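Report on the structure given below.
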Amino acid sequence: MNIVAPESLILWTTIIFILLLFVLRKFAWKPILGAVRGREATINDALAAAEKAKIEMQNMHADNEKLLQEARAEREAMMKEAREIKTKMISDAKEEAKSEANKMVAQAQAAIESEKKSAIAELKQQVAELSVEIAEKVVKRELSDKSKQLELVDQMLGEAKLN
């Protein structure tokens, strides 16, 4: 048998191949399979972590939406309360202004009435003083003459009634 003949080449190739498989199985398959399994585990862990992160992000997004809605509702409640307070303050101010205006009108009317009474009293006093002065002058003029004095006395005695 010739070692270089094509038939022996097939035999030697087969033997070398089987030997290579045996050596690979003995020394290389376990580390290669371990590396592949480790890589597969790492990939699976990364996929699980990514899925977990995705779920967490969805939960956070839902929580953010919920917080945003709560904040909007709280803002609306605060705005409504502020509007109510504004309306109440305006109505209170209007009522207070109206009350103050009514009070001022009443005080002004009382002052006018007081001034009116004072003016009327002063006018009456002046009229009385003028009347006394006029009467005094008339009486002086009438009584300056002796005959007129006697005539006035007789007239008054005639008008006076005895009881």
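Nothing in this text is a laboratory measurement; each read-out follows from the coordinates by a stated rule. The structure presented is a predicted model; accordingly, all values stated were derived computationally and were not measured. Methodologically, a virtual Cβ is constructed for each residue, glycine included, from the backbone with ideal geometry; neighbour enumeration extends over all protein chains shown.
Has region 133-154 got any residue that is of a type in the set (Ser, Thr, Tyr), free of Cβ contacts under 8 Å to residues at least 24 places away in the same chain and surrounded by 10 or more Cβ atoms within 10 Å (Cβ to Cβ)?
Going residue by residue through region 133-154, those that are of a type in the set (Ser, Thr, Tyr) are 144, 147.
Right, trim to free of Cβ contacts under 8 Å to residues at least 24 places away in the same chain and you get 144, 147.
Now restrict to residues that are surrounded by 10 or more Cβ atoms within 10 Å (Cβ to Cβ): none.
So far as region 133-154 goes, no, none of its residues is of a type in the set (Ser, Thr, Tyr), free of Cβ contacts under 8 Å to residues at least 24 places away in the same chain and surrounded by 10 or more Cβ atoms within 10 Å (Cβ to Cβ).
For region 18-67, which positions are of a type in the set (Val, Ile, Thr) and over 53 Å from the mean Cα position of the chain (by Cα)?
Within region 18-67, 18, 23, 32, 36, 42, 43 meet the criteria.
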